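Here's the structure, in structure tokens; my notes come after.
The values are calculated or read from the model by the stated rules, or taken from the named source; none is laboratory data. Just so we're clear, the structure is a prediction, and the values are computed from it rather than from any experiment. Every residue, glycine as well, gets a Cβ built from its backbone with ideal geometry; the counts of neighbours run over all protein chains shown.
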Amino acid sequence: MCRGFSAGLYTCGRLPEPSFFKPDIIRPMPALTSQRALPVASLVYAAALWGVIWYPYRLLDEAGVGGVASGVFSYALPLVLMGWLHLRDLRKARGHWLWLSALGLAAGWTNLAYVLGVLEGEVVRVLLLFYLSPLWTVLFARFLLHERLNRAGWAVMALAAGGALTMLWRPGEWPLPANRAEWLGLSAGVMFALSNVIARHLDGVTEGAKAVAVWGGVVVLGVVGLALRPADLDFASTAPVEVWALLLAVGVLIGSMTYAVQYGLARVPANQAIVVFLFELVVAAIAAYFLSEERMGLQEWLGAAMIITASLFSGHMEDAQAQETRHG
């Protein structure tokens, strides 16, 4: 998910600069002019696709292509087909190779963990745990960017944490993820937060170089996973044409979402973009209902409402002094 939402969010180094880096005031949404309509539409397109991309990955899994293998092939395609277009960007950014490598590894884990999580678990629960990323971004930004929170920021953090506890609470048990899929979703959100903060640290590096770093990170981590489990490649000798066609289609979608996210985020304010990206949850919930017959109970819906509300208000978490230092 070269999101980034996903994944999607989520992804390729320019997913909303963590939205709580915005001024501590409430700004009206910009009018949807004709100049803004296409960028917003591109973000809606990316969010909608990330809300359903789990389904072709499940089809591939049923056809014998495991999550790591399908992740490697679907991200290798845009890397091979479009990576060469950004060779000049990479040469210009060679002084930042260490941070670009960190971005690639963090985003690589984000995307692979997302794919594995939605393959093994309930889609919406995995996504909700992923969307705790603003909580983790606060911690990373404090140490890497020296950002500080205001009181509203602490309230947003408490709301997000409370939503997670509400969703995960079970009588007599610790409110922790219940299975590997949920742990993968949680870890994907942590790494997504880290990749966002690193992307902000790489402010002078082009979006193309960051995109290549993300694609490359997924492929590198995936190849390591396949080296540890070579049997996951057995499908390659027996897979029918339809499976390869589906892998090709997913790779094309991944590449198109990468560029849709970058195009939109370059033209839409980040605090508006994060609202658009939450559309992914709506699409995922509807798709999961009809495609896999997943249902959420009242407890899950309450936790989801708290997490989504925290994400919506995360644009007002930054300490005013930090804002003045950066904008002054």
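Evaluate the following for residue 80: is it part of a helix (DSSP H, G or I), among the β-branched types (Val, Ile, Thr) and either surrounded by fewer than 21 Cβ atoms within 10 Å (Cβ to Cβ) or in contact with a Ser or Thr (Cβ under 9 Å, 6 or more places away or on another chain) (or both)? Spelling it out, residue 80 is indeed part of a helix (DSSP H, G or I), among the β-branched types (Val, Ile, Thr) and either surrounded by fewer than 21 Cβ atoms within 10 Å (Cβ to Cβ) or in contact with a Ser or Thr (Cβ under 9 Å, 6 or more places away or on another chain) (or both). Cβ separations smaller than 8 Å between residues 6+ apart or across chains give the following pairs from the range 73-84 residues that are over 16 Å from residue 245 (Cβ atoms) to residues that are polar (S, T, N, Q) and at pLDDT below 90: 75/111; 78/258. Here is a list: 127, 112, 90, 98. Which entry is under 17 Å from the mean Cα position of the chain (by Cα) and more than 19 Å from residue 253 (Cα to Cα)? The conditions single out 127.
Take the residues in the range 193-249 that are hydroxyl-bearing (Ser, Thr, Tyr) and part of a helix (DSSP H, G or I); name whichever of them is surrounded by the fewest Cβ atoms within 10 Å (Cβ to Cβ). It comes out as 237. Taking the criterion of being of a type in the set (A, V, I, L, M, F, W, C) and out of contact with any Leu (no Cβ under 8 Å at 6 or more places or on another chain), the residues of the range 214-257 that qualify are 223, 224, 227, 228, 231, 235, 236, 239, 241, 244, 245, 249.
For the structure I just gave you, tell me whether residue 185 is part of a helix (DSSP H, G or I), buried (at least 19 other Cβ atoms within 10 Å of the Cβ) and at negative phi. Answer is yes for this residue.
Of everything listed in (1) at pLDDT 85 or above; (2) in contact with a helix residue (DSSP H, G or I) (Cβ under 6 Å, 6 or more places away or on another chain); (3) among the aromatic types (Phe, Trp, Tyr), the single unmet condition for residue 183 is (2). For beta carbons closer than 9 Å, sequence separation of 6+ or different chains, a first residue in the range 275-289 that is under 12 Å from residue 54 (Cβ atoms) and a second that is in a loop (DSSP other than H, G, I, E, B) and of a type in the set (Phe, Trp, Tyr), the qualifying pairs are 280/5; 280/10; 280/131.
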